[in-house]
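In what follows, a single structure is set out as structure tokens and then discussed.
The values are calculated or read from the model by the stated rules, or taken from the named source; none is laboratory data. Computed from a predicted structure; not experimentally measured. Because the Cβ atoms are built from the backbone with ideal geometry, glycine has one as well, and the counts that use them run over all protein chains shown. Accessible surface is based on the protein model in full, side chains and every heavy atom, while ligands, DNA and RNA are left aside. Shrake-Rupley method; radii C 1.70, N 1.55, O 1.52, S 1.80 Å.
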Amino acid sequence: QVQLVESGGGVVEAGGSLRLSCAASGIQLSNNVVGWYRQAPGKLRELVAFMPNGGIITYTNSVEGRFTASRDDAKNTVYLEMNALKPEDTAVYYCALTLLGSWGQGTQVTVSS
């Protein structure tokens, strides 16, 4: 059974940083396409970072240069390093195995102004 568990969310002031983690069990992340998504209240879920299997990681324009996604294959975990956070980054953040339709439970990120 595939399971994704996000952690690392919290409350931070604008300009601060957080690192989200997404640990997987039941599947090897290194062999799969992984996406980081977020959903703010009243808004549609959006793709934040797209992590292809062995390819270049791409980001939505609003986080380009501030967020960095990475993998640790030994820990079967992916990360989303978020810097220079803005109030508009406030959302529930999810990791997902994009092609398999498997999602984590999400972790709340709140950025105060």
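Relative contact order of the chain, please, whole-number percent, based on alpha carbon pairs below 8 angstrom and at least 6 residues apart.
This gives 37 percent for the chain.
Using θ = phi - 60° and the Karplus curve 6.51 cos²θ - 1.76 cosθ + 1.60, what whole-Hz ³J(HN,Hα) does each residue of the stretch 95-102 get, with Gly and Pro shown as x?
Working through the residues one at a time gives 9, 8, 8, 4, 7, 9, x, 9 Hz.
Pop a pseudo-label 7 angstrom from the Cα along the beta-carbon direction at both Ala74 and Gln39 and give the gap in nm to one decimal.
Going by the 7 Å Cα→Cβ label model, 3.6 nm.
Taking all protein chains in place and a 1.4 Å probe, what share, in percent, of the accessible surface of the chain do carbon and sulfur account for?
C and S atoms contribute 50 percent here.
Just to check I understand the Karplus step: with θ = phi - 60° and J = 6.51 cos²θ - 1.76 cosθ + 1.60, what whole-Hz values come out for the stretch 8-22, glycine and proline as x?
Each residue of the stretch 8-22 in turn: x, x, x, 10, 9, 6, 3, x, x, 9, 9, 10, 8, 10, 9 Hz.
Students often get this wrong: which residues of the stretch 78-113 have the backbone nitrogen under 12 Å from the point 7 angstrom along Cα-to-C-beta of Asn53?
Hits in the stretch 78-113 for Asn53 at 12 Å: 98-100.
If one computes P(r) from the Cα atoms of the chain, what percent of pairs lie at distances over 16 Å?
Of the Cα pairs, 55 percent sit more than 16 Å apart.
Okay, which of the stretch 66-95 sit inside 11 Å, backbone N to the point 7 Å along the Cα-Cβ direction of Ser30?
In the stretch 66-95, the label zone of Ser30 (backbone N under 11 Å from the point 7 Å along Cα→Cβ) covers 72-77.
Using a 7 Å offset from Cα along Cα-Cβ at Ser113, what residues in the stretch 58-101 end up with backbone N under 17 Å from the label point?
85-91
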